[in-house]
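Reading through the structure tokens given below for one structure.
The values are calculated or read from the model by the stated rules, or taken from the named source; none is laboratory data. Fair warning: this is a prediction, and the values are worked out from it, not measured in the lab. Every residue, glycine among them, receives a Cβ derived from its backbone with ideal geometry; neighbour counts consider all protein chains shown.
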Amino acid sequence: MTKDGEKRTKRKRALKAVEEREKLLRLVLGTLPVGVAVTDRVGDIVLANAASKLIWGDTIVSGRQRWVQTKASWHDTGKSISPTEWASVKALSEGKTSLNELIDIETYDGQRKIIQNSAAPIRNAGGLIVGAVIVNENVTERVRAESALRESTNRLQHLSRRLLAVQEEERRHLSRELHDEFGQLLFAITLHLDTAKELAGDAARSSLDECAVLLRRAGAELRSLVLELHPTMLESAGLEPTLRWLAEQHEQGTGIAIQVVGHLNDVPSNLAIACFRAIQESLTNVMRHARAQHVWIELNQTDSTLELAVRDDGVGFDATKTLDQAASGGHVGLSGMKERVQILGGELAVDSKRGHGTRIRIRLPLVPPITEPQPTA
């Protein structure tokens, strides 16, 4: 075979190899679930797969003029995208790679879609930009579902907050009724009992004295119940003094040494109530289960966060198992604490090991995490 024949044969083989690679490339592009398009140096589309055509409306307009024809805006702001802001244009003019830009588009057949847009420059062996590759993914349904889920979550949180507010209002009302009605009733009984003691003989005096003791005990229990249902000092004095009072009450009632460490500034009423209920439940759990000698209530506040903790030196428990039981409804107190904190956008964590005490940590944002939904007209 002559040299010319060998050259022709090599050229044919090279062309065939190129054709086979192009065929393989088109097959690969055709199987991809995302839209892929390739432009040349001036921005004309030289290759686009079926998924890309499906996204844009069964046709791809080539040339720079298509950026003028395309109606598109940034999904987060709604601002229109100028021709120079497109990822592919920046890839060609600046060599910039852009990833996962969320864009609202109107396709060439008039449909409105949300796409995730990426582009990167294609460089030759010398490093010069010779084109760009564009990747589009139709995320319309996913984004709309995420938006609907966020809205549903926000509404659920709003309803949960309202439920907590109604619950606290019921506690306030019950506290007031107990104080006003039963408090006055006990006081009246005490007055009548004192009168009866003066009129009764010696035989009845000891029984009447015992009744007086029981009435005083009932009065003390009533005052304690009223304060636990709704501590009025939470509104008048604030969270820190109320927690210090709560610690003193539990210390006197249980004999467990309770120390409050740290300080708080002004706390919004909804957070103050949530913190009070959480600390109240934590101290009750210590009294019932921990067999502790000492308890520390730790207070900390920054410009954006409220942090509280209840730590004891008791017997401890299996925190993972208990939290799992709480999640399935097996531990109503701990589950209720966690739900109340989470409704307000916070976190509750339990650190405990058998024989090493327990620490319950609460972290709440001072700035509301969500905007409550506005009523529709």
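Applying the criterion of at least 1 residues that are over 31 Å from the mean Cα position of the chain (by Cα) to the strands (runs of 3 or more DSSP E) found wholly in the range 245-321 leaves 257-261, 294-301. Regarding Thr195, is this residue surrounded by fewer than 16 Cβ atoms within 10 Å (Cβ to Cβ) and β-branched (Val, Ile, Thr)? When the stated conditions are applied, Thr195 passes them.
Out of the range 61-81, which residues are modelled with pLDDT of 90 or more and loosely packed, with under 14 Cβ neighbours inside 10 Å? Within the range 61-81, Asp76, Thr77, Gly78, Lys79, Ser80 qualify. Residue check: Asp324 meets all listed conditions (1) of a type outside the set (Ser, Thr, Tyr); (2) at pLDDT below 75; (3) outside any helix (DSSP H, G or I); (4) under 20 Å from the mean Cα position of the chain (by Cα) but one, namely (3).
Give the range 102-116 a look and list any residue that's touching a His at 6+ places or on another chain (Cβ under 9 Å) and surrounded by fewer than 18 Cβ atoms within 10 Å (Cβ to Cβ), or say none. Matches in the range 102-116: Leu102 only.
How about the range 157-182: which of its residues are exposed (fewer than 12 other Cβ atoms within 10 Å of the Cβ) and touching a helix residue (DSSP H, G or I) at 6+ places or on another chain (Cβ under 9 Å)? Within the range 157-182, Leu163 is the sole residue that qualifies.
Looking across the range 119-136 at every residue that is free of Cβ contacts under 8 Å to residues at least 60 places away in the same chain and buried (at least 17 other Cβ atoms within 10 Å of the Cβ), the one that is farthest from Ala51 (Cα to Cα) is identified as Pro121.
Apart from one condition, Ala91 fits all of (1) under 30 Å from Gly346 (Cβ atoms); (2) assigned by TED's automatic domain parsing to the domain that holds Ser52; (3) touching a Pro at 6+ places or on another chain (Cβ under 8 Å); the exception is (1). Going by what's in this entry, would His331 be described as in the same structural domain as Ser269 (by TED's automatic domain parsing), surrounded by fewer than 15 Cβ atoms within 10 Å (Cβ to Cβ) and either of a type outside the set (Asp, Glu) or modelled with pLDDT of 75 or more (or both)? When the stated conditions are applied, His331 does not pass them. Just one of the numbered conditions (1) surrounded by 11 or more Cβ atoms within 10 Å (Cβ to Cβ); (2) closer than 30 Å to Ile103 by Cα; (3) out of contact with any Lys or Arg (no Cβ under 9 Å at 6 or more places or on another chain) is not true of Ala148: (1). Pairing each residue of the range 214-225 that is in the same structural domain as Phe182 (by TED's automatic domain parsing) and assigned to a helix (DSSP H, G or I) with any residue that is surrounded by fewer than 14 Cβ atoms within 10 Å (Cβ to Cβ) and modelled with pLDDT under 80, provided the two are 6+ apart or on different chains, yields C-beta distances under 9 Å for Gly219/Phe187. Is there a residue being hydroxyl-bearing (Ser, Thr, Tyr), touching a Lys or Arg at 6+ places or on another chain (Cβ under 8 Å) and under 30 Å from Gly43 (Cα atoms) anywhere in the range 116-124? Scanning the range 116-124 turns up no residue that is hydroxyl-bearing (Ser, Thr, Tyr), touching a Lys or Arg at 6+ places or on another chain (Cβ under 8 Å) and under 30 Å from Gly43 (Cα atoms). Among the residues of the range 273-287, none qualifies, meaning not one is out of contact with any Leu (no Cβ under 7 Å at 6 or more places or on another chain), touching a residue at least 12 places away in the same chain (Cβ under 8 Å) and among the aromatic types (Phe, Trp, Tyr). Every condition in (1) under 29 Å from Leu185 (Cα atoms); (2) surrounded by fewer than 18 Cβ atoms within 10 Å (Cβ to Cβ); (3) touching a helix residue (DSSP H, G or I) at 6+ places or on another chain (Cβ under 9 Å) holds for Val226 except the one numbered (2).
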